[in-house]
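This report refers to the structure that appears directly beneath it.
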Amino acid sequence: MKRLVNLTVNGTARELAVEPRRTLLALLREDLGLTGTKQGCAEGDCGACAVLLDGEPVNACLVLALEAAGCEVLTIEGVAADGTLDPLQQAFIDAGAVQCGFCTPGMVLVARALLARHAAPTPREVRHAIAGNLCRCTGYQKIEDAILLAARRRAAGGTP
Amino acid sequence: MSGGFDVLGGRGPRVDAVEKVTGRAQYTDDLTRPGLLHGALLQSPYAHARLVRLDTSRAERLPGVAAVLTARNTPRVPYGVSPARYDEQLFAGDRVRFIGDEIAAVAAVDLDTAAEALSLIRVEYEPLEPVLDALTAREPDRPQIHEAYARNVCAQVEQHFGDVDAARAGAYLVRQDRLSSKMQNAAFLEPQAALAEVDGRGRLTIWSSTQVPHYLQRTVAMVLGLAERDVHVVMPRVGGGFGAKASASAMELATCLLAQRTGRPTKTVFSREQVFLHGRSRHQFWHTMTTGVDREGRLLFLDHEALLDGGAAASFGIATIYYAGSLLGAPYRLRSMRYRGVRVVTNKPPCGAQRGHGGVHARALFETQLDRIAEELGLDPIELRLRNVMAAGETTCNDLAMSSLGMRECLEAVRDRSGWQPRAPRPAAPRAVAAEPDGLRPAGSSAGGNGNPLGVPISAVVRGRGVACGFFVSGAGYPIYRSRTPHASVVVRLDETGGGVEVQSAVAEIGQGCETVLATIAAEVLGVPVAAVRVRSGDTDLGLDLGAYSSRTTLMAGHAVKAAAEHVRDQVLAVVATALGVPPATLALRGALVLAAGAPVVSEAIRTEYVKEHRGWNLGLAGPHLTFAEAARLAFLERGPVVGTGLYRPPALGGSFKGAAVGTSPAYGCSAQIAEVRVDLDTGQVTLERVVAAHDCGRAINLTQVEGQMHGCVSMGVGEALFEEVVFGADGRIQNPSLADYRIPTALDVPPIEAIVVESDEPNGPFGAKEVGEGGIMPTIPAVLNAIYDATGVRVEELPASPERILAALRRDGGA
């Protein structure tokens with residue numbers, strides 16, 4: 001039996017009928033076509049499906065769609081919503097933090113949540129923040145560099 | 001080393017970076033088609049069993065099920081990787097050979113229906129005794145897994161270069177050491193996926209997460225009985241491969257057949273567990289090496305024996321077993337070498353290629369053995385290596401030609417950067433154990449927790465550092481099937497409207513950045529910004545490329561794109577030369593302009609025509625100088641489409657002995673690393689503190705990407721050194737088929753990595769470039785093992801060096 005769920009995704013209010021066992025990940029990818037959120041394991045181990053739920057990072061594969069009722073969901077598609085790249089996205093590009101790209105959406109969102117809490121994180125804090133997001137390509141070094149670069153740029157330029 | 005290049009050797013962004021940071025990049029599972037069906041596989045729950053009865057009738061009757069495939073209604077065409085060892089068939093016939101062996105496939109309107117259909121398939125098994133222990137798999141009483149492999153021996157290698165026995169007789173010091181490992185998983189982030197569709201003409205397109213579109217095309221055509229021209233392989237974005245996606249899979253073949261049978265597009269996606277059940281990653285190895293040196297530490301011989309557990313099929317294993325031997329031929333001068341290798345089959349998921357194919361654990365043992373030899377000789381381990389490293393121009397005893405080799409430079413670079421202190425001969429007495437607070441524990445305590453203000457027990461922590469080297473091919477010298485085929489073909493086409501450049505090729509972009517490499521080379525040749533170049537890749541309609549394996553793309557497709565771009569450049573310059581009335585040789589393309597005798601030129605006629613064509617436009621022309629866009633447009637007007645082609649085929653390489661092809665390459669990259677570790681003597685926990693890595697990649701096409709490959713290599717090596725292990729139960733079932741239980745390094749496990757790019761000018765590489773994608777993993781495991789020994793005084797002889805194994809070694813040998 002499907003149930004109605006109301007939530008806000010990337011700033012747009014949505015009303016969808018979903019099976020109670022449907023995950024937020026399936027809702028995003030299949031019902032809304034927001035395929036930037038990736039499925040790497042479907043059991044909460046890899047972080048490729050990380051999105052922000054009311055500003056907090058969650059693994060969308062472990063959240064039921066109904067649990068997100070009334071929440072604000074931010075996916076990677078909403079990060080550069082006005083067509084210009086977010087400073088974090090630009091920093092990922094500039095620092096060479098992208099390889100296969102499968103972990104990148106989750107990494108960017110988790111980094112965004114970190115920088116919202118700590119404008120100037122230490123390398124250690126960055127590593128802790130992304131510890132739940134697996135990356136097999138980069139060795140994390142350039143991802144750390146990118147997040148610190150974004151923080152520095154923001155401090156220097158006052159970009160929001 | 002800029003070398004006077006405009007874009008080569010820089011740090012420009014990846015050409016696919018924007019789509020990847022915005023979530024627009026589409027991977028196979030992100031694709032859909034109208035009327036899409038969902039495929040699913042029924043896989044064996046037994047490691048070894050006879051199929052007694054298979055009844056699919058209930059599944060076929062389930063509403064929403066469009067097709068059910070088994071061995072009974074699909075082609076029985078053997079396939080695999082090496083044509084001499086085609087030992088796989090789509091769907092088990094009378095026998096299943098590993099847990100995960102495919103028995104049936106269904107296509108249904110949704111995944112729930114597909115799963116229900118699988119549950120309705122009745123299979124009766126007669127369990128057979130499985131062969132799970134590679135060490136005893138050859139014993140006469142063991143069940144034989146494949147008819148073709150007597151005593152379960154899938155491949156056997158014997159090679160002898162020089163005279164090992166004579167060398168042994170004259171050696172000053174001879175050591176024998178052993179190292180074994182566990183099966184590993186590539187654990188890329190994107191599980192395998194495939195979407196197949198048959199168009200109105202009957203042509204099959206498969207979008208796949210493959211890293212070898214060409215071999216996938218061949219295998220699909222062969223198994224389905226189609227002409228190669230009727231199989232079109234397309235790679236969407238691919239989320240890593242590392243080797244395990246380098247062969248056609250039953251899932252891909254089944255998806256093609258489901259689409260063919262139903263007439264509807266069908267998509268199948270692996271679960272993470274299925275990634276493990278499919279396997280095709282790193283083999284389990286047992287290595288024994290006997291090595292002799294003279295009084296000065298010069299290597300005289302290596303006598304090497306290896307056993308490989310291959311799992312239930314040959315897969316890439318024939319290449320693997322040869323690589324395990326041949327990749328020890330360098331980077332040290334080795335006067336003689338004997339190699340005896342055996343690869344057995346067992347009832348486990350088949351093993352294949354993984355980053356550093358076949359050579360990683362052999363390298364790990366050899367480099368740890370060199371440390372032991374250095375210690376016995378009272379030599380610093382770097383000094384021992386420097387006494388033996390080869391130089392450019394030398395050829396190994398197994399006929400591998402080092403056309404460039406910055407091995408000495410790499411060793412010296414990591415030595416100098418890390419602040420390495422030459423190691424004095426090891427004292428006999430146990431070394432003082434320093435009490436060191438772990439990074440997360442309170443500081444200011446002494447050993448045993450005395451004076452610890454928080455009362456938290458502080459462990460005895462010791463530190464150490466280790467060094468190791470390695471080298472790797474820049475592309476396999478020969479294709480997997482016997483052929484004189486070019487290994488890469490590339491077409492560069494200029495937009496008819498002028499200004500745009502399109503590179504068309506089938507190179508496999510799996511995240512390593514080959515599209516950016518191709519774009520950079522084309523941009524350098526054509527004198528335009530990288531952003532002016534569009535790369536279409538991974539599509540068998542666009543060219544032939546053998547794929548992303550053996551670190552071949554930069555060198556091989558790099559040559560092809562360079563030739564194609566030069567072809568285009570020459571056509572454009574010929575047209576411009578005629579228009580300007582100057583010899584073509586005086587013209588060049590640079591900075592998006594045409595240069596004559598090194599200076600920008602002005603042509604009223606060309607400019608006027610170009611501006612007239614664009615009446616009403618704001619062309620934004622920066623000055624009067626003739627632009628690349630105008631020249632390209634003129635070339636089209638004068639002579640039609642401007643298309644350049646290039647191809648690359650390696651020269652004949654290597655010796656004539658059996659297996660001589662494996663290990664040959666037009667060029668070799670090499671690397672050295674120093675790892676610094678902390679070991680907790682109470683828990684056996686190893687923490688990497690720092691890795692200093694140097695790699696000779698020839699000339700770097702993009703420095704940021706070279707570093708990124710080096711970092712990735714180190715990261716994977718750290719995981720393999722310390723905790724990656726596919727664990728099997730007594731029934732042959734994988735105990736840890738998830739990313740929670742099969743642990744790959746997290747951001748907290750990988751230490752800061754200092755990557756030093758050592759550039760040599762490789763005569764056989766495009767612009768002097770060679771590999772970086774795999775060679776960089778070679779030193780990591782032994783550098784970590786040598787560092788653990790330096791810290792603790794114990795050697796771990798079974799990988800991974802988990803806390804349990806380190807504690808066991810400490811108990812056994814006393815340690816520190």
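Quick notes on this one:
- The Cα atoms of the protein assembly as shown give a gyration tensor whose axes a ≥ b ≥ c have a/c under 1.5, which makes the shape rounded.
- Region A:87-157: relative contact order as a whole-number percent, Cα under 8 Å and 6+ apart: 52
- Part-to-part distance (alpha-carbon centres) for region B:564-601 and region B:1-47, which is given in Å: 36
- Computed over region B:375-418: relative contact order in percent, which uses C-alpha pairs under 8 Å that are six or more apart: 31
- CD proxy at 222 nm, helix term only [per DSSP H run n ≥ 4: -39500 (n - 2.57); per residue of chain B; nearest 500]: -8000 deg cm²/dmol
- DSSP loop trypsin sites (Lys or Arg not before Pro) with at most 11 other Cβ within 10 Å: longest gap in chain B: B:296-481
- Those lysines that a straight Cα-Cα span of less than 24 Å connects to B:K245, excepting residues fewer than 8 apart in one chain: A:K38, B:K20, B:K182, B:K267, B:K348, B:K770
- Tensor-based shape of chain B (alpha-carbon gyration tensor, a/c under 1.5 rounded, otherwise prolate or oblate): oblate
- For a straight C-alpha distance cut-off of 15 angstrom, the aspartates and glutamates reachable from B:K658 (same-chain residues fewer than eight places away being disregarded) are B:E158, B:D399.
- Average projected area [Cα convex hull, chain A], square nanometres: 8.9
- Alpha carbon centroid spacing (whole Å) that separates region A:1-72 from region B:281-335: 49
- Whole-number D in µm² s⁻¹ for region B:295-412, Kirkwood Cα-pair radius fed into Stokes-Einstein, 4 °C, 1.567 mPa s: 84
- Percentage relative contact order, region A:3-78, counting C-alpha pairs under 8 Å, at least six apart: 40
- Volume per residue of the convex hull around the Cα atoms, evaluated for region B:309-356, comes out as 61 Å³.
- For region A:80-130 versus region B:781-816, the spacing of their alpha-carbon centroids is 37 Å.
Here, each number is a calculation from the coordinates, and none is a lab measurement. It should be emphasised that the depicted structure is a prediction, and the values quoted were computed from it without experimental measurement. When we count neighbours, we look across all protein chains shown, and the Cβ atoms used for this are built from the backbone with ideal geometry, even at glycine.
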